[in-house]
Amino acid sequence: MFPSFFHDETESALILRVDWLEKEAGISDAFFSHMLKIDQKTFSRWRNKSGALSEEPRENLQEFWQTTLHILSLLNFEAERLRIMLEQYAEKDNWKTPLDPPWTGTSLREYFESQGPSSIKKVSQWAEDIRFANSY
């Protein structure tokens, strides 16, 4: 059974998701602020309920959560494997397949941080393609 914040759509649930990701996957406020392309102080104030996030970062954070759930479903919902996946580099090779991860040549964490919100959709699509074996 999963905690209610896994599927609740409230602001409080979103904050609890961030807390869970920090604890279980080692994702910090610095990561979130880089990925969302916002100031870290703004993100930390929102997380501590002493500030607000604008609509776009909140929506991107919601999408990131959905992407994380897709990835966790591939990993048998083992948070430790998510932590490892975030840090492991996806090696480049000479062969390109439709199921290659979009972060080839870097780690998933670095990809999210450097590419920002656009990376969320790409990783989500990759996870869905892998999950449903839809390579086209």
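Bear in mind that the values in this text are calculations on the coordinates, not laboratory data. As the structure is a computational prediction, the values presented were derived from the model and not from experiment. Virtual Cβ from ideal backbone geometry, glycine too; neighbours counted across all protein chains shown.
Scanning the stretch 20-57 for residues that are among the charged types (D, E, K, R) and within 17 Å of residue 79 (Cβ to Cβ) yields a total of 3. Flag: residue 102 does not match the condition of being farther than 21 Å from residue 5 by Cβ, more than 12 Å from the chain's Cα centre (by Cα) and loosely packed, with under 15 Cβ neighbours inside 10 Å.
Does residue 87 fit the bill of being within 21 Å of residue 128 (Cα to Cα), among the acidic types (Asp, Glu) and touching a helix residue (DSSP H, G or I) at 6+ places or on another chain (Cβ under 7 Å)? Judged against the criteria, residue 87 is a match.
Just one of the listed residues (110, 91) is without any contact (Cβ under 8 Å) to a residue 40 or more places away in the chain and under 12 Å from the mean Cα position of the chain (by Cα), and it is 110.
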